[in-house]
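Asks: Below is a structure I'd like to ask you about.
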Amino acid sequence: MPIEEIFRDYGEAHFRKLEREVIAALPESDCVVATGGGCVQSAENAANLRHESLVFFLDVSPEVSYGRISESSRPALTDKDPVDEVKYLINLRYPAYLRSSDFRVDADGDAKKVADEIIRIISDAVSPLSESDIASGVAGVGGAAVAGDAGDAGGEVSAGAVRYGEVMKSFSGVPMPEKKSDLLFSFVKKNPLGSICAIAGRPSGHSRTPYLFNTIFERYGIGAHCTYLEKETAGDVAGAVRSCGLRAISVTIPFKEDIIPYLDEINEDAAAIGAVNTVFNAGGRLYGSNTDWYGVMKPLVKSGIKVKSRKAVVIGAGGAARAAVYALMKLGADVTAVNRTVERAERLAADMNASLIDRGCLGTDGEPVKIPCKAGGIDKMREIMPDIIINATSIGMRAEDTPVDRENRVCLRKGVCVFDLVYTPPVTRLLFEAQSAGCTVISGVEMFVYQAAEQLFRYFGIRVDADEIRGILR
Ligand code: NAP
């Protein structure tokens, strides 16, 4: 049955259902599949298309796209006029096109040129590098060889060899757990244009992100590798992302704020929070966003705790505290930030009020955020007697430490929700004492799980279930 008839007789939802079924049933054997643009808006389709495959995004400008489809019987998807519809849909879907594909090819030109470009990329991507490719790539990046003067290779240095040279240059000497740099270099040897992600921090070697992401890549058949990127400055981090063509980086201490000036764009959440933990490289343009606030918001919503209009205290005033306050304000809570250094809490509250209230930002319920954030010292907590307490300090990583001291322990009482963002150990002294006092407790592992799930979506277009991530981290 032709697509326009399916649309006419059964509607778009039915067509999408059929599309999902067909994509889920694609054969494992080698084949070329062409899809419509709307297909990758579904994370399920993105995961199925990506499985053991290379996905190309044929990037066509709205004008060229309209010229190509104007004579076709393609059904209308909106009530806009056809030219506006094409522009609108391309804009709307563009992020999905980028995250769900491995390569973007400019497809405004003639079909032969586009096909040649795809063939060139495939041949670079699937031909493992020989020792002479590697030597020429390393020498080329070091400045010793140029195209046409590639040592034993005797020809032009391939894109994959240059990539290898760049990766060697940026990652040799980066402190990482034993053998992890070998895994990175052998990944690039086998998949010269494969996607590389990294956790960028100083230190970064303790992070569980590479283990989690690499396990997911293997399970989902995604040709990607996650590693550790430890540099002196945020500028060096951004430089490595560009020179090595890294697909994405997860950013941690101390670069979450410092990375911002090196990015091409940051989204509204990251701008309001003042920190970026998620960077996606779209063909050389670096987009920053923040999934930490999402990692705080999601477990609160999932646990069914009533947050709207309830009194909440966030202990801390660093990056994690900013994300937590942002999440609580978006959920409509009456938030107070309390911190050892009171001025930092005051600055945090003023910044959040400016970003969320003065700008008329909408909360998760679609209504404008109305309740301003307040600030104070730690002792303010027992005056407030909050319904929700979030620890966003680093206190609790040592088993004997807790951010809720003896005077404030009265706040730990039945019905209160206590969320500790510290995730090592998974059950901190604060959570143990809160649970003993009858509070509902949420571990920092939950924040890690949800912020990571959202990063995987933003980097690869796939939705990984929280239970699956928890299982991998256990
Ligand atoms: P940060 O920017 O360094 O902020 C640290 C905060 O802790 C500051 O407010 C600081 O107060 C306070 N603090 C530190 N030591 C203290 C002490 N001895 N007494 C009282 N206050 C103290 O760190 P961050 O990036 O916000 O991270 C905070 C915590 O969140 C860390 O434990 C981190 O691991 C955790 N985190 C978890 C996740 C997750 O996925 N679960 C994600 C991000 C962060 P001052 O302002 O007075 O110095």
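Asks: Any residue in the stretch 304-331 that's in the same structural domain as ASN391 (by TED's automatic domain parsing): show its pairings with residues that are near the ligand (Cβ under 10 Å from one of its atoms) and among the hydroxyl-bearing types (Ser, Thr, Tyr) at Cβ separation under 7 Å, as long as the two are six or more apart or on different chains.
Replies: The qualifying pairs are ILE315/THR393; GLY316/THR393; ALA317/THR341.
Asks: Counting only residues that are in contact with a Phe, Trp or Tyr (Cβ under 6 Å, 6 or more places away or on another chain), give me the helices (runs of 4 or more DSSP H) lying completely in the stretch 363-474 with at least 3 of them.
Replies: Qualifying helices (runs of 4 or more DSSP H): 444-460.
Asks: Only one residue in GLU12, GLU52, GLU44 is under 22 Å from THR78 (Cβ atoms) and charged (D, E, K, R). Which one?
Replies: GLU12
The rows are residues; the columns are (1) in a loop (DSSP other than H, G, I, E, B); (2) closer than 23 Å to ILE121 by Cα.
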residue: ILE6; (1), (2): no, no
residue: ALA47; (1), (2): no, yes
residue: LEU54; (1), (2): yes, yes
residue: PHE57; (1), (2): no, yes
residue: PRO75; (1), (2): yes, no
residue: LYS80; (1), (2): yes, no
residue: ASP84; (1), (2): no, no
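Asks: Among the listed residues ARG93, ARG68, ARG104, identify the single one that is in a helix (DSSP H, G or I) and open to solvent by 40 Å² or more (accessible area, probe 1.4 Å).
Replies: Only one candidate qualifies: ARG68.
Asks: Another question, then. For the stretch 197-219, what are the residues that are in contact with a helix residue (DSSP H, G or I) (Cβ under 7 Å, 6 or more places away or on another chain) and under 18 Å from ALA125 (Cβ atoms)?
Replies: Residue satisfying the conditions is CYS197 alone.
Asks: Got a number for residues in the stretch 242-259 being out of contact with any strand residue (DSSP E or B) (no Cβ under 6 Å at 6 or more places or on another chain) and more than 15 Å from the ligand (Cβ to nearest atom)?
Replies: Matching residues across the stretch 242-259 total 4.
Asks: Hey, another quick one. Could you list, in sequence order, the residues of the stretch 285-335 that are at positive phi and within 11 Å of the ligand (Cβ to nearest atom)?
Replies: Within the stretch 285-335, GLY316 is the sole residue that qualifies.
Asks: So which pairs qualify, if the first residue must be in the stretch 340-365 and more than 22 Å from SER309 (Cβ to Cβ) and assigned by TED's automatic domain parsing to the domain that holds GLY318, the second must be open to solvent by less than 40 Å² (accessible area, probe 1.4 Å) and within 16 Å of the ligand (Cβ to nearest atom), the Cβ gap must be under 6 Å, and the two must be at least 6 apart or on different chains?
Replies: Note: pairs meeting the criteria are VAL342/GLY377; ARG344/ALA317; GLU346/ALA375.
Asks: If SER170 satisfies all but one of (1) open to solvent by 30 Å² or more (accessible area, probe 1.4 Å); (2) modelled with pLDDT of 95 or more, what's the number of the condition it fails?
Replies: Among (1) open to solvent by 30 Å² or more (accessible area, probe 1.4 Å); (2) modelled with pLDDT of 95 or more, SER170 violates only (1).
Asks: Which condition from (1) in a helix (DSSP H, G or I); (2) at pLDDT below 90 is the one that VAL146 breaks?
Replies: VAL146 satisfies all of (1) in a helix (DSSP H, G or I); (2) at pLDDT below 90 except (1).
Asks: Being open to solvent by 10 Å² or more (accessible area, probe 1.4 Å), assigned by TED's automatic domain parsing to the domain that holds PRO210 and either at pLDDT 95 or above or charged (D, E, K, R) (or both) is true for just one of ALA466, ALA392, ALA437. Which residue is that?
Replies: Going through ALA466, ALA392, ALA437 in turn, the sole match is ALA466.
Asks: Quick one: in the stretch 281-299, of everything that is hydrophobic (A, V, I, L, M, F, W, C) and surrounded by fewer than 24 Cβ atoms within 10 Å (Cβ to Cβ), which residue is nearest to GLY360 (Cα to Cα)?
Replies: The selected residue is MET297.
Asks: Criterion first (farther than 19 Å from TYR326 by Cα, buried (at least 21 other Cβ atoms within 10 Å of the Cβ) and aromatic (Phe, Trp, Tyr)) does TYR450 satisfy it?
Replies: In short, no.
Asks: Here is a follow-up. Of all residues in the stretch 282-293 being in contact with a helix residue (DSSP H, G or I) (Cβ under 6 Å, 6 or more places away or on another chain) and touching a residue at least 40 places away in the same chain (Cβ under 8 Å), which is farthest from ARG202 (Cα to Cα)?
Replies: Among them, the one singled out is ALA282.
Asks: Taking only the stretch 410-440 into account, find how many residues are within 16 Å of the ligand (Cβ to nearest atom) and of a type in the set (Lys, Arg).
Replies: 1
Asks: In addition: Sort out which residues of the stretch 264-284 are under 16 Å from CYS373 (Cα atoms) and more than 15 Å from the ligand (Cβ to nearest atom), and write them in order of number.
Replies: ALA272
Asks: Among the residues that make up the stretch 211-218, is at least one of them in the same structural domain as TYR164 (by TED's automatic domain parsing), surrounded by fewer than 16 Cβ atoms within 10 Å (Cβ to Cβ) and under 30 Å from ARG359 (Cβ atoms)?
Replies: No - not one qualifying residue is present in the stretch 211-218.
The values are calculated or read from the model by the stated rules, or taken from the named source; none is laboratory data. These numbers were taken from a predicted model, which means no experiment stands behind them. Note that we place each Cβ from the backbone using ideal geometry, even for glycine, and neighbour counts take in every protein chain shown. The accessibility values were calculated without ligands, DNA or RNA, using every heavy atom of the protein model including side chains. Shrake-Rupley method; radii C 1.70, N 1.55, O 1.52, S 1.80 Å.
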